[in-house]
Amino acid sequence: MEKNLDNIRNFSIIAHIDHGKSTLADRILELTNALSKREMKDQFLDELEIERERGITVKLNTVRLSYKYEGKEWILNLIDTPGHVDFNYEVSRSLQSCEGALLLVDACSGIKSQTLANLYLALEQNLKIIPVINKIDLPNANIEVVKHQIMNLLNCEEEEIVLISAKNGTNVDKLIHSIIKNIPAPKAQSNDFKALIFDTYYDTFRGTVLLIRVFQGEIKRGQKVKIYNLNKRFSIQDTYYKMPKEEKCEKISAGEVGIITIKNRNPKLSLLGDTVMDEDNDSLEPFGGYREIKPFVFSSLYSIDSNDFKALQDAILKIHVADSSFTYVRENSRALGYGFRCGFLGTLHMEVIRERLEKEYNLDLIISTPQVVYKILLTNGETVMLDNAYKFPDRTSIAETLEPIINAKIFVRNEYIGKIMELCHYSRGEYIDSEIFDENNTILNFYLPLGEIIYSFYDQLKSLSQGYASMEYSISDYKKSDLVKLDILLNGETIDALSFIVHKSKSYQLGRGIAEKLKGSIPRQNFEIPIQATIGSKIIARETIKAVRKNVTAKLYGGDVTRKKKLLEKQKKGKKRMKQVGKVFIPQEALSNVFVIKK
């Protein structure tokens, strides 16, 4: 039975990084009097320290707001979203919880590729789109050009576009009025309870905390529910609204966004995107789109001080609870000791996790060079998925090696097309086609190996285009590739932490770079140390760290030359014996230097 939900509006803000999304959220909080002046601070919904430092949103958030307009009290549920492609799944869950979205575009730089990617996600959900141009107060704002881009993209009229300055608050009130007038109210067709879990985290005292959007029915404290894909039943402990501080409420009804806590003491359960529903109603169907999040990039984390391993383990568990897309398994390295092999959605995700561990938990870390998941077909018919080079099978047992390929959309100004095409071809890219976006911008479509873009590709993209190019991508498929395992030997011993899976064409460049880095980082010792980069039994690069030598002939003053030769020969034999039994001291800084090598 349909309920009157006319006074509720659920919406998200979708935008490229640095287009002013967090600033706009701040102005909306101010205009709705959600916070006092003392409580208000910049980027209020960005709760992580790293979000404030970098000026980006990496974790979705939500807030319930009240606003009086035309004599009525309106409830506005703002679900904040990240802007980077690494957090695409977070964006999709946010949009699934809304009826509308604000398409926020910077008046200076116009539409970017990640704006387009998130817009397409919103259109797939049939959301009402309100186009918004931000930063209209800046002197280099190209308002007319950006208007033209939006009108062509959305096939909308000029009057539908709202011009604002989020920094100054210009026209933000008009934007709120547009949200109320244009975004449709939610609808509920049944009294049977069903809700989408769009975020979750673990609280030591309360257990598992779920952020939900209720689509039908209502939920109260003590109610018995079932989480569909997990196939488990729970009792609801408490219900809350986030306003923006959590406030207990009697119930959360259809059309509303809220928080529930359940009696679950297992922080490792994956609940994101799942459906929560009435315990005994088997006729209800779950929401589509649920999927387990699979990491694409893997790297190893070690603490510089081995005594900090327990602290690292506890910190990783706490972060995993709030971000189930971050995965980890324990591993041991002969060079670095105990650590964790971690999976990430991309390199930005990896950097965010590393910085959180270092700054929030005061840990000094070594993080290995990222690797992607390769597919290895063996001669016995088995298929191995490999994210760690140290486990690379013997070459004689490999029938075929395949690497993950992405479908990349690169949004670039026309004057930089040549440079970007060269970069893509150097990165072993395969050109698909190009789309003319407008008279000044083009979208280049490429197939690119994921292993090539996780290093310095994005930095080079920005550098070659003077900051104007942007990129979004999706995993396409696996493709046959000539992959090899590159090993680094110190004094004839393989260092497991310095093994890499690399395309054969890039192996010499990487091997030479690592050998040179190690030569400059490892201090000279009492015996000569050869550094070798090898593929199988073939040495492709070599550097030598010369031994520290004592002048054993310094005490001789004349006499027979044979006395001098005898002392030098004795020293030579001692160096040879020391090389056979001596251990190479590898400082942590040497490994850290190696791990910033770019392919």
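Which of the three applies to the stretch 375-480, rounded, prolate or oblate, going by the alpha-carbon gyration tensor with a ≥ b ≥ c and a/c under 1.5 meaning rounded? Mind showing how you got there, number by number?
Numbers: a/c = 3.47, a/b = 2.53, b/c = 1.37.
Prolate, since a/c reaches 1.5 and a/b exceeds b/c.
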Diffing the stretch 462-471: the Karplus 3J(HN,Hα) column from phi (6.51, -1.76, 1.60, θ = phi - 60°), in whole Hz with x for Gly and Pro, holds 5, 5, 5, 9, 6, x, 8, 6, 9, 9
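Among Val352, Val384, Val484, what is the fewest-to-most ranking by other Cβ atoms within 10 Å? Mind dumping the intermediate values first?
Working: Val352 26, Val384 14, Val484 21.
Lowest count first: Val384, Val484, Val352.
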How are the Cα pair distances of the stretch 297-368 distributed, in percent, across 10 Å bins from 0? 21, 62, 17, 0
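How much length would be gained if the chain were fully extended between Val329 and Asp18, taking 0.36 nm per residue of separation minus their Cα-Cα distance, in nm to one decimal?
Values: separation 311, 0.36 × 311 = 111.96 nm, distance 3.41 nm.
108.6 nm is the gain from fully extending Val329 to Asp18.
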In debye, nearest 20: dipole of the stretch 333-396 around its Cα centre with unit charges on the Cβ of K, R (+) and D, E (-)? 180
Quote the FRET efficiency, to the nearest 0.05, computed for Ser537 versus Lys564 with a Förster distance R0 of 30 Å and r equal to the Cβ-Cβ distance. 0.15
Report the gain in length on full extension from Val145 to Asn126: 0.36 nm times residue separation, minus Cα-Cα distance, nm rounded to one decimal. 4.2 nm
Under 5 Å, built H, 5+ apart or other chain: amide partners of Cys156: none
Classify the stretch 367-406 as rounded, prolate or oblate, taking a ≥ b ≥ c as the square roots of the eigenvalues of its Cα gyration tensor: rounded when a/c is under 1.5, otherwise prolate if a/b is larger than b/c and oblate if not. oblate
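So if we plug the beta-carbon distance of Asn229 and Leu402 into 1/(1 + (r/R0)^6) with R0 = 25 Å, what FRET efficiency do we get, rounded to 0.05?
Working: r = 29 Å, r/R0 = 1.18.
So, using R0 = 25 Å, E works out to roughly 0.25.
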Per-pair calculated FRET efficiency, R0 = 30 Å: Asn380 and Ser505 via Cβ, rounded to 0.05: 0.60
Residues of the stretch 124-157 with amide N under 20 Å of the 7 Å Cα→Cβ point at Ile443: 124-133, 145-157
If you plug each phi of the stretch 95-112 into the Karplus form 6.51 cos²θ - 1.76 cosθ + 1.60 with θ = phi - 60°, what whole-Hz ³J(HN,Hα) values come out, in order, with x for Gly and Pro? 5, 5, 8, 10, 10, x, 8, 8, 8, 9, 10, 6, 5, 8, 9, x, 6, 10
Extending each Cα 7 Å along its Cβ direction at Leu31 and Lys242, get the distance between those two points in nm, one decimal. 2.1
What residues qualify as long-range amide H neighbours of Cys249, i.e. H under 5 Å apart, gap of 5 or more or another chain, H built at 1.01 Å from N? Thr239, Tyr240, Tyr241
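Taking a 29 Å limit on the Cα-Cα distance, which of the listed pairs Lys538/Lys570; Lys375/Lys546; Lys226/Lys251; Lys112/Lys187 fall beyond it?
Details: Lys538/Lys570 33 Å; Lys375/Lys546 40 Å; Lys226/Lys251 17 Å; Lys112/Lys187 33 Å.
Pairs exceeding 29 Å: Lys538/Lys570; Lys375/Lys546; Lys112/Lys187.
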Listed with the fewest Cβ neighbours within 10 Å leading, Asp323, Asp238, Asp364, Asp477 appear as Asp477, Asp364, Asp238, Asp323
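Want the number for Leu138 to Lys294: 0.36 nm per residue separation, take away the alpha-carbon distance, what's left? Could the numbers behind the result be given before it?
Details: separation 156, 0.36 × 156 = 56.16 nm, distance 4.11 nm.
52.1 nm is the gain from fully extending Leu138 to Lys294.
Going by how many other beta carbons lie within 10 Å of each one, how would you line up Ser22, Ser306, Ser521, fewest first? Spell out each step's value before the answer.
Details: Ser22 24, Ser306 11, Ser521 17.
Ranking Ser22, Ser306, Ser521 by Cβ neighbours within 10 Å, fewest first, gives Ser306, Ser521, Ser22.
Taken together, the values in this text are just the output of simple stated rules run on the coordinates, not laboratory data. Quick caveat, the model's predicted, so the values are computed rather than measured. As a convention, Cβ positions derive from the backbone with ideal geometry for all residues, glycine included, and neighbour counts pool all protein chains shown.
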